[in-house]
1. So PHE70 ticks every box in (1) part of a loop (DSSP other than H, G, I, E, B); (2) out of contact with any Leu (no Cβ under 9 Å at 6 or more places or on another chain) but one. Which box is left unticked?
2. Pairs, please: C-beta under 9 Å, at least 6 apart or cross-chain, first residue closer than 19 Å to ARG362 by Cα and in segment 338-351, second not in a loop (DSSP other than H, G, I, E, B) and not basic (Lys, Arg)?
3. Could you grab the pairs with beta carbons closer than 6 Å, sequence gap of 6+ or different chains, first residue in segment 428-457 and surrounded by fewer than 18 Cβ atoms within 10 Å (Cβ to Cβ), second one small (Gly, Ala, Ser)?
4. Go through segment 132-154 and give me each residue that's part of a loop (DSSP other than H, G, I, E, B) and touching a Leu at 6+ places or on another chain (Cβ under 9 Å).
5. Checking the condition in contact with an Asp or Glu (Cβ under 6 Å, 6 or more places away or on another chain) and either at negative phi or not basic (Lys, Arg) (or both), which residue from GLY295, GLY330, GLY266 passes?
6. Evaluate segment 220-235: report whether one residue or more is buried (at least 24 other Cβ atoms within 10 Å of the Cβ), of a type in the set (Ser, Thr, Tyr) and within 19 Å of the chain's Cα centre (by Cα).
7. Exactly one condition in (1) within 19 Å of the chain's Cα centre (by Cα); (2) surrounded by 22 or more Cβ atoms within 10 Å (Cβ to Cβ); (3) under 26 Å from LEU413 (Cα atoms) is not met by TYR305; state its number.
8. If the requirement is being surrounded by 21 or more Cβ atoms within 10 Å (Cβ to Cβ) and either assigned to a loop (DSSP other than H, G, I, E, B) or within 18 Å of the chain's Cα centre (by Cα) (or both), which of these qualifies: ALA112, ALA160, ALA129?
Amino acid sequence: MNTATRPESAAVEQAAYEDLCLYIDGEFIKGGGRKEQDVVNPANGQPIAKLPHASREDLDRALAAAQRAFETWKKSSPMERARILRKVGDLSRERAKDIGRNITLDMGKPVAEAVGEVMSCSEHCDWHAEECRRIYGRVITPRLPNVRQMVLREPIGVCAAFTPWNFPFNQAIRKIAAAIGAGCTIVIKGPEDAPSAVVAIARMFHEAGLPPGVLNVVWGVPGEVSEYLIKSPIVRKISFTGSVPVGKQLASLAGAHMKRVTMELGGHSPVIVFDDADVDRAADMLVAFKFRNAGQVCVSPTRFYIQEKAYDRFVARFIENTRNLKVGDGLHADTKMGPLAHYRRMPAMLQFVEDAKTRGGRIETGGAKVGDVGSFFAPTVLTNVPDDSMVMTTEPFGPIAPCVPFKTLDEVLARANALPYGLASYAFTSSTKNALAVQNGLEAGMVNVNHFGMALAETPFGGIKDSGIGSEGGIETFDGYLNTKFVTQMD
């Protein structure tokens, strides 16, 4: 493993950073004696900005603005919604470099990954712009000649959205584009630890001509803001991306008020590499995908099951590639893995490693903090870990890859499906029989065979079991934002 040089100076970082604020009823707001918190660069532990928290009055104003705007926006032409979304897509591409750099300052991922996140998500604006023009109802053939029966699809109302720090642009734009495209209005609380992307999104929608109140951005103590918004009678739909425990808590609160939810929660994604796979290619691809964003990805491959004949070859190449990853400040062009977004995750990483060791596991590479500055943890490969170890049963959400052997297809499917998670899964094989077996047998919302093909604008993204409710993207994207109304009329 190689380590990059020290970060750039805080002064240089500060000069180009986003001007953080609330966005309520078409106004960018900060100051006024509001509580503020530091935003910290995890590469060096230095504060880079102050983020204002919304007061109770700010939240009430955002809710009232969204409710007032909904009365007009729900009647707006899909062509107008599409125009605004396309404009935001264009602006995203134009500003991707600056937005991406600020994401790197916020949460540490390599700047190439951050810019790529913004560029790829501009397609979500384009997709929703086109798809919102195709929100159709239908006519049902009646049983009587003088009856007409119709199904109408209507926007659900004011939405509240809560998004995480690991993909701050991606997670926010998916929810905002779906709500706005459906004719809803939205109050979004983004990640306080990585806020710049959400503020940038608000600025682009503002410049694109979105009417005041359709989009509102607030910040604050997550538990307090989420509870206040969910309990409000104004809010009719909740969308959350985050951990399973928090998702269950918010879903319970929403259920108590009979509110629609979309939940994209955590996973513990199995990878199955069969004997007949292109083993070298699989190892190369999986190293890059596993350590993307320092493993802080809900669909990151986290449990590696390798068939016995391929095991030694796969693990050797996987370890070699992992050792060659350059770890350092995400602003440096040659960095392949940045820091953990939060230093508080460091003890958890060490706990995963220590638990594996006490259960007979071997640390093949990594397993420790890197350097004295920032929250860098070495890309880690573990072997010989039992299925009941912490790393095999609890989502690590970090740069740790446990590799274990398996013998038969039935055995590995049982092991892969043994946990309550069901978000993403992966398999590598040259056999049509094996491919079909994993497609049918893996209990997951998304199954990838021989490549990583998720999270495209035109494909649904979501999990089953404890990993969530509903999907984002694809033709399913608007399902959670629309009511179905049946109309029947007799002449």
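The values are calculated or read from the model by the stated rules, or taken from the named source; none is laboratory data. This structure is a prediction, so every number in the text was calculated from the model and none was measured. For neighbour counting, all protein chains shown are included, and Cβ atoms are generated from backbone atoms with ideal geometry for every residue, glycine included.
1. Only one criterion in (1) part of a loop (DSSP other than H, G, I, E, B); (2) out of contact with any Leu (no Cβ under 9 Å at 6 or more places or on another chain) is unmet by PHE70, namely (1).
2. Note: pairs meeting the criteria are MET349/PHE377; MET349/THR380; MET349/ILE400; LEU350/PHE377; GLN351/MET390.
3. VAL449/ALA427; VAL449/ALA435
4. Within segment 132-154, the first condition is being part of a loop (DSSP other than H, G, I, E, B), and the residues that meet it are 135-137, 141-146.
The answer is ILE135, GLY137.
5. Values: GLY295 fails: in contact with an Asp or Glu (Cβ under 6 Å, 6 or more places away or on another chain); GLY330 fails: in contact with an Asp or Glu (Cβ under 6 Å, 6 or more places away or on another chain).
Being in contact with an Asp or Glu (Cβ under 6 Å, 6 or more places away or on another chain) and either at negative phi or not basic (Lys, Arg) (or both) holds for just one of GLY295, GLY330, GLY266, which is GLY266.
6. Checked against the condition, which is being buried (at least 24 other Cβ atoms within 10 Å of the Cβ), of a type in the set (Ser, Thr, Tyr) and within 19 Å of the chain's Cα centre (by Cα), segment 220-235 yields no hits at all.
7. (1)
8. Within the list ALA112, ALA160, ALA129, the selection yields ALA160.
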